[in-house]
Amino acid sequence: MKQISLENVKRWIAVSNSNVTHPVSIHNACPECLLSVVFATRRRNYDELRDTLACSAECPSCNAEVHFWMTNMSALADTIKENMPALFMMPSTESRMNLEQISHLLPDNVLQYCQSTQDVYQSGNLTATRVMAESTLDAIFSSFLPPGNSRTTLSRTVQDSLPSIEVNLPMTNLASALRKGEHLDRLLNSPEPVTRETAEALMQLVEKLVSFLYVEPTQFKELDQRLAELSQHLATEYKSVEPDALES
């Protein structure tokens, strides 16, 4: 079960003898066929004691059944952020990166390629997804190529771009910020009481470092291993059909 955005709810309905509204249609990717669809909810059941709504739906494309839960229903009309309801889906697809939130950080062509790759994946076109993924990799690493470098193979493009990718820059900046008298050193050694804002910023620093140094490298290694396994499986399938191909 994963939480999805309330913005995914496309239509609400007011229920008689109730102070809450129910979601009638919810937009999301289907966990079975991967298409981006609008689910029409049914069997909506509100638990007043727990202020929780449960409902089900079927994918209009493949008929796969999914279930939704919404908590803190009575706060739908409340504008206080802490009281906002939460919407959950099971089973759910892996959440895609929100490109709109980071669009200002990406070169225009990289953003367009990433958006197009997401679009074709969510359309269910897996062959086009593979083509777009390769084009997107080329666009990403080409943006780091030094002037004058001509692109050849994708492997060479990645290799030639490495000197321009400042992977260690966050650690270099951290070391500089920890020098005596610098801003992070002052925050860590100030005799003044620590504010909630400072404590939150320091917690974010710790969490980002853990993710950067331990989590992301491990996840990338696991993904690379998964890609190697898929490639090996593909090679095995090719070998198994090769004799038949020769006979034909």
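Only residues that are surrounded by 13 or more Cβ atoms within 10 Å (Cβ to Cβ) and at negative phi: list them for the stretch 41-56, please.
So the first thing to find is which residues in the stretch 41-56 are surrounded by 13 or more Cβ atoms within 10 Å (Cβ to Cβ), and the list is 41, 44, 46, 51-56.
Correct list: T41, R44, Y46, T52, L53, A54, C55, S56.
From the list Q101, Q122, pick out the single residue that is under 21 Å from K2 (Cα atoms) and loosely packed, with under 15 Cβ neighbours inside 10 Å. Before you say what the answer is, go through the steps one by one.
Details: Q122 fails: loosely packed, with under 15 Cβ neighbours inside 10 Å.
Testing whether each residue is under 21 Å from K2 (Cα atoms) and loosely packed, with under 15 Cβ neighbours inside 10 Å leaves just Q101.
Give the number of residues within the stretch 159-178 that are farther than 18 Å from L106 by Cβ and among the β-branched types (V, I, T).
Of the residues in the stretch 159-178, 1 are farther than 18 Å from L106 by Cβ and among the β-branched types (V, I, T).
Could you grab me the full set of residues in the stretch 148-158 that are loosely packed, with under 12 Cβ neighbours inside 10 Å and either under 30 Å from A199 (Cα atoms) or at pLDDT 90 or above (or both)? Explain how you work it out, then say what you get.
Going residue by residue through the stretch 148-158, those that are loosely packed, with under 12 Cβ neighbours inside 10 Å are 148, 150, 152-153, 155.
Correct list: T153, S155.
In this structure, is S92 at pLDDT 95 or above and not acidic (D, E)? Give the derivation first.
Values: at pLDDT 95 or above: no; not acidic (D, E): yes.
In short, no.
The values are calculated or read from the model by the stated rules, or taken from the named source; none is laboratory data. Keep in mind that what you see is a predicted model, and the values were worked out from it rather than measured. So basically every Cβ, Gly included, is an ideal-geometry build from the backbone, and we count neighbours across all protein chains shown.
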